[in-house]
Amino acid sequence: MSDGNITQQNLKWDATRDACDVGSTLINRIVDLEHIPFPANVIFPDATPDVIRKSRLLLAPQHFGKDSQDLLLSFHSFLVRTSSHTILVDLCCGNDKNRPTRAAWHMQSGPFLDNLAAVGVKPEDIDYVMCTHLHSDHVGWNTRLDDGRWIPTFPKAQYLFAEKKFQYWNQIVKSGQSENVLYGSYEDSILPVINSGQAVFVTSSHIVETGIYLEPAFGHTPGNVIIHVESNGKKAILSGDVIHHPVQLAHSKWSTNF
Ligand SMILES: [Zn+2]
């Protein structure tokens, strides 16, 4: 599974390029929405005012509101380019999605595809789309609106769905209970991909290519996965919502309300 000989040397995120080299594999952050305020103690019940004050000193202004109790959230994809494949991981909120109870995600018209183009990638260049889980802020750019119809944004991509997480949400949707969790994203961001024939159901330990593989990380949702990126002895993990915000790196025992 692994390409072996992984070193413990830390990787560095290059803030200037908003990217990271993992051996010969390049990871870029592709932003959909960022600096979205959300009250810290609503996400993390253990976030007391004193802890928030200390954390803000370290993490403002990028990750914390300067003068408030708000965390700033980022909704972004990771673009992973190996020598063989171009892959997008976690597809954010999307444009034109009807999410009236989620103001930040509702009927957006953001520059996600322009941000992708800025690093030299067109939608038809994407070989694989993978979502760590199927919450609506991780599947939005799976599809785009075309003449009133939702179609896959990436026409040549295989969309890999870990079977276990798909079965879970499929059951929830069939029982009519998805409204409060998925906000309609199953219908506008998942079903059109399945209907197009581009969905491929895989195990939660699927190997995409040497050094790129899924690992089960159930908890945030049933069937949740993380994605490993390994190349030339270097290793990164795309953790999805196992970690919601950098403040958790200092408070690793905090659990979230999500
Ligand atoms: Zn989530």
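The values are calculated or read from the model by the stated rules, or taken from the named source; none is laboratory data. Worth saying up front: this structure is predicted, and the values here are computed from it rather than measured. Virtual Cβ from ideal backbone geometry, glycine too; neighbours counted across all protein chains shown. Heavy atoms of the whole protein, side chains included, go into the accessibility calculation; ligands, DNA and RNA do not. Shrake-Rupley method; radii C 1.70, N 1.55, O 1.52, S 1.80 Å.
Annotations for the structure displayed:
- For first residues located in region 128-149 and modelled with pLDDT of 95 or more, partners that are open to solvent by 30 Å² or more (accessible area, probe 1.4 Å) and more than 10 Å from the ligand (Cβ to nearest atom) and lie 6+ apart or on another chain with Cβ distances below 6 Å form the pairs 128/158; 143/150; 145/96.
- When region 103-138 is filtered for residues that are charged (D, E, K, R) and open to solvent by less than 60 Å² (accessible area, probe 1.4 Å), the ones remaining, listed by number, are 125, 127, 137.
- Residue in region 233-252 that is among the charged types (D, E, K, R) and within 16 Å of the ligand (Cβ to nearest atom) present: yes
- Restricting the search to strands (runs of 3 or more DSSP E) fully inside region 1-94 and requiring at least 3 residues that are out of contact with any Phe, Trp or Tyr (no Cβ under 8 Å at 6 or more places or on another chain) and surrounded by 12 or more Cβ atoms within 10 Å (Cβ to Cβ) gives 25-39, 70-81.
- Within region 129-185, considering residues that are part of a strand (DSSP E or B) and within 19 Å of residue 100 (Cβ to Cβ), the one farthest from the ligand (Cβ to nearest atom): 145
- Subset of region 205-232 (residues that are within 16 Å of the ligand (Cβ to nearest atom), open to solvent by 20 Å² or more (accessible area, probe 1.4 Å) and outside any strand (DSSP E or B)): 217, 218, 219, 220, 222
- Any pair with Cβ under 9 angstrom, 6 or more apart, that starts in region 180-203 at a residue that is under 16 Å from residue 165 (Cα atoms) and ends at one that is part of a helix (DSSP H, G or I) and of a type in the set (D, E, K, R): 185/137; 201/163; 202/163; 203/163; 203/164
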